[in-house]
């Protein structure tokens, strides 16, 4: 991998990791719903001109497949944006980022239930390892703010399960569609769905400058720019190498939380994170197992994921 591609990969991981920081800063004043709606609307306004400028029939493709793309918009953008925004009200940004690393674990389970993907004993052990990390973090309560409830954790888990479902659905139904078309359409459909409720439950008091900056950074950097970098990276180095990004996102999520929010990354959180990342790496085949390290179905599925962190 060239240095420029490595820099792009690290930048993408840093931007997606920063999304949890920005949600933590802005959700308290905007509210989870308004922040999710504004994020999707802003990203749509930035991505649509890029899609239109291509003049290759991308907009027509978006119109032809709008129903399927809209479903991805709900499961991959609107609901996860809302759920992670809600979680940001009461748990650390670093903890949200760590929970998100478990997405491939849920993808493996959904693949087994939905399309009967095989889970052999080594892969089952990898799943147990990863879910043990999730259970450890939940039971320990590290990274919870005062007044935090189990609902915030359930929101993170639900969001990651939606990401996992979306990855499988995209691979099954949208693999033939240009990824940027799916990315733009999913943001646009999310913005449309969230527009009315986001307006109804808008903040009663004008948010502070720091919250507006957090929303701007979340929309421009961690959503629109991140999508462009993601597809550029896939085109340059391939989907397999781009799979390194999800494993770096928790590290950056923790780093930004510690540096800018003064969050404490305890030894207990580190243990939970290590179990999740190790289980995920083994489940997806990033780390070689006893079966020779062949690429697993979950790994292949996640290569097609167009996630909006």
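The values are calculated or read from the model by the stated rules, or taken from the named source; none is laboratory data. None of these values were measured; they are calculated from a predicted model. So basically every Cβ, Gly included, is an ideal-geometry build from the backbone, and we count neighbours across all protein chains shown.
Here are some notes:
- Residue check for residue 51: surrounded by 19 or more Cβ atoms within 10 Å (Cβ to Cβ), farther than 30 Å from residue 257 by Cβ and in contact with a helix residue (DSSP H, G or I) (Cβ under 7 Å, 6 or more places away or on another chain): yes
- Flag if residue 60 is touching a helix residue (DSSP H, G or I) at 6+ places or on another chain (Cβ under 8 Å) and part of a helix (DSSP H, G or I): no
- Residue pairs whose Cβ atoms lie under 8 Å apart, separated by 6 or more positions or on different chains, with the first residue in region 193-211 and within 20 Å of residue 80 (Cβ to Cβ) and the second part of a loop (DSSP other than H, G, I, E, B), are 201/31.
- Filter result for residue 175 (closer than 30 Å to residue 45 by Cα, at pLDDT below 90 and outside any helix (DSSP H, G or I)): yes
- For residue 187, the test of being within 27 Å of residue 102 (Cβ to Cβ), out of contact with any strand residue (DSSP E or B) (no Cβ under 7 Å at 6 or more places or on another chain), touching a residue at least 40 places away in the same chain (Cβ under 8 Å) and surrounded by fewer than 15 Cβ atoms within 10 Å (Cβ to Cβ) is failed.
- Checking each residue in region 197-216 for being in a helix (DSSP H, G or I) and in contact with a helix residue (DSSP H, G or I) (Cβ under 9 Å, 6 or more places away or on another chain) picks out 197, 198, 199, 200, 210, 211, 212, 213, 214, 215, 216.
- Matching helices (runs of 4 or more DSSP H) fully within region 223-290 where at least 1 residues are closer than 24 Å to residue 21 by Cα, in contact with a strand residue (DSSP E or B) (Cβ under 8 Å, 6 or more places away or on another chain) and modelled with pLDDT of 95 or more: none
- Of the listed requirements (1) farther than 30 Å from residue 204 by Cα; (2) at pLDDT below 95; (3) not in a loop (DSSP other than H, G, I, E, B), residue 69 misses just one: (2).
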